[in-house]
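Taking it in order: structure first as structure tokens, then the write-up.
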């Protein structure tokens, strides 16, 4: 739990200084002026509690806490920030929605607000205001944010889930860069295994990395859980092809990926055990943060690079990046303050610095931020600039609503891949189990 | 004038009200004393249990209270348990029967239900039975050992209790590191000693994961059994052992004909608790594997939570999974209940 008090304000100030663009006083001045002009006036004596996923990049959290502190100072709204690990945000939000009490704002994953669209506040006014001011929302942000003609959440940021690899190790395996097609990518994985420096993707119940790669794989071969009308079409030759491909990849993975959650590949990669994996740019960011004091980490940072996902027989990119929507709960007694806070975070004076602080871990949902210096300052981060535009949405061809959210939360696709890869069931059985489950979710 | 006072007609005694009579009535007094405990049980046990069972007959989703959910009868159970899917062809049946291909006979008929639920039931039963047997064997062995005159006996007894004292989540995280696919101390030691060439895949392979989870559970559950049985052992009168020594009984005979019979009632109680705790285990699996890989270690409790809360939708279905645990638990309680009433269990005598 993080209460904003003198100490955290000081910490926030230090962070703002580190980020560099504006002094704490400057930020506060902007915040005060903004609060005067903003269309949302916080309720008297308003208190806001935000529950967010626990940061993966320290400087991202520092920048976030700095803007929270500035908002609190300028508006007089007492702010409390709670941090929960990524997988725990959803159950907490579900229980809060169920019982009608809890934090005012939730900052969660994918289509979380679509699990309880009637329990969150309509934020169409905030979305329109920001969209007009900052060059419009990217299409996937509209898909994630809207339900029934109105905005129920704002995708505050995306997390590009890209291939992380060690330049020297793929070179040793005979590749200059990560191949751009699935066949070439399999060759690379085989070659890496042959050199005894295997890569691997998480196949445990990892809501971020696990879901990202299995959906990429399914879609890359033209498989889909449902069609555009939400009819279940998972039992298809394309799905079988995707599973066969995954089986071949898995045979060349480092052992143990079936038990990995979201943090395992970070640890393994940083310790030098893993040559290639899928992740946000947080591995690189961690290496970079320690590069000054640890020569090993410096070497790691120099050797790490990022690539976009290969394109499969489907013929177009089929990436699945993480979306982080923020929503206001209907039971909140400070809804105007919450709206003001959401708008405040996405204003250029705050958001630009937040993007810089997150060193590429977060990607913007508003077009105007393409020009943010973080995308050009380090060429290794440039791949993440466009992830919000490239990503497909939860549910694939189908709707992004509560059924897609349910399929994701049930690990429907992930478990199908994991059953096949670990050899627990045959491809045919895994597909029919997933089909039966999908039909119930999409009935 | 005392006389006048005496003659003053006494204020008529108020006839006792019904309430005041009930307050002092001996038969009702017991009821009053029982009331707080009963209220507690109803509020925190019976009501949630009934609510859970009621939810299991609805299609309630998160955010819906029971009143506004649709009653759908046993649909949740039908979905979970499934139905027989038989492709019964006489020709295939005879050819397999006479072809000696008995294994394939079963393939003619299979249950099509929720695969994850079936797996969770299997996992739960396997986990409970294997872990309980191991815990009992090791616990009893430790108890007998600690009952002997050892040096530093008090210290050793205290140490034995440690796994039981550590919060489950902490010990689960410790095991999580021990079983880590890349950084496991066990794998590392095995490699250093030349016993293995690569890391052991503890949690990434279905059967390895099951055994690893059982190992962690046993480690955690043994102290409870060992210490309770030790307490039981100390109630066995030493005179019995002295007498049997004079009769020339071997150590095994002493255990078999004195210790074991006198310990039976305590064993029954302890094992009932142990089985119940293991059957409803949640924290350890949630932290250690989260049911993975691909549901291989999913227990009914974790599956219920995943469906009802984490899946964020189907409270009704999750409640049905929880309710499906009740028959198993009830069976276990009934066995020990009736067992405890039998004299053989109570006193270890042969006549019932």
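Laboratory data are not the source of any read-out in this text; all were calculated from the coordinates shown. Note that the coordinates shown come from a computational prediction; the quantities given were computed from them, not determined experimentally. As a convention, Cβ positions derive from the backbone with ideal geometry for all residues, glycine included, and neighbour counts pool all protein chains shown.
A single entry from A:186, A:130, A:154, A:169 fulfils the requirement of being more than 20 Å from residue A:391 (Cα to Cα), in contact (Cβ under 8 Å) with a residue 40 or more places away in the chain and within 22 Å of the chain's Cα centre (by Cα): A:130.
On inspection, residue A:139 passes the criterion of being under 20 Å from the mean Cα position of the chain (by Cα), touching a residue at least 60 places away in the same chain (Cβ under 8 Å) and surrounded by fewer than 24 Cβ atoms within 10 Å (Cβ to Cβ). Comparison of A:369, A:361, A:351 shows that the only residue that is assigned to a loop (DSSP other than H, G, I, E, B) and on the phi < 0 side of the Ramachandran plot is A:361. Taken over segment A:307-322, the criterion of being surrounded by fewer than 22 Cβ atoms within 10 Å (Cβ to Cβ) and not in a loop (DSSP other than H, G, I, E, B) is satisfied by A:307, A:311.
When residue A:390 is tested against (1) at negative phi; (2) within 12 Å of chain B (Cβ to nearest Cβ); (3) within 19 Å of the chain's Cα centre (by Cα), just one condition goes unmet, and that condition is (2). Checked against the criterion of being under 20 Å from residue B:139 (Cβ atoms) and surrounded by 21 or more Cβ atoms within 10 Å (Cβ to Cβ), the candidates B:213, B:231, B:209 yield just one match: B:213. So how many residues does segment A:204-240 have that are closer than 13 Å to residue A:278 by Cβ, in contact with a strand residue (DSSP E or B) (Cβ under 8 Å, 6 or more places away or on another chain) and in a loop (DSSP other than H, G, I, E, B)? The number of residues fulfilling the criteria is 1. Of all the numbered requirements in (1) within 14 Å of chain A (Cβ to nearest Cβ); (2) in contact with a helix residue (DSSP H, G or I) (Cβ under 8 Å, 6 or more places away or on another chain), residue B:206 misses one, and that requirement is (2).
Within the group A:76, A:102, which residue is over 21 Å from the mean Cα position of the chain (by Cα), within 14 Å of chain B (Cβ to nearest Cβ), on the phi > 0 side of the Ramachandran plot and surrounded by fewer than 23 Cβ atoms within 10 Å (Cβ to Cβ)? Before you say what the answer is, go through the steps one by one.
On the way: A:76 fails: within 14 Å of chain B (Cβ to nearest Cβ).
Step by step, each of A:76, A:102 is checked, and only A:102 is over 21 Å from the mean Cα position of the chain (by Cα), within 14 Å of chain B (Cβ to nearest Cβ), on the phi > 0 side of the Ramachandran plot and surrounded by fewer than 23 Cβ atoms within 10 Å (Cβ to Cβ).
So, in segment A:122-136, exactly how many residues are surrounded by fewer than 24 Cβ atoms within 10 Å (Cβ to Cβ) and part of a loop (DSSP other than H, G, I, E, B)? Residues meeting the conditions: 4. For residues that are over 24 Å from the mean Cα position of the chain (by Cα) and buried (at least 17 other Cβ atoms within 10 Å of the Cβ), tally how many sit in segment A:272-298. Qualifying residue count for the region: 2. Criterion applied to B:245, B:280 was being surrounded by fewer than 21 Cβ atoms within 10 Å (Cβ to Cβ), away from every other protein chain (no Cβ under 14 Å) and touching a residue at least 12 places away in the same chain (Cβ under 8 Å), and the one residue passing it is B:280.
Does segment A:418-439 contain at least one residue that is without any contact (Cβ under 8 Å) to a residue 40 or more places away in the chain and under 18 Å from the mean Cα position of the chain (by Cα)? No, the conditions are met nowhere in segment A:418-439. On the phi < 0 side of the Ramachandran plot, more than 14 Å from chain A (Cβ to nearest Cβ), in contact with a helix residue (DSSP H, G or I) (Cβ under 9 Å, 6 or more places away or on another chain) and free of Cβ contacts under 8 Å to residues at least 24 places away in the same chain: does that describe residue B:138? Taking the combined requirement at face value, the residue does not satisfy it.
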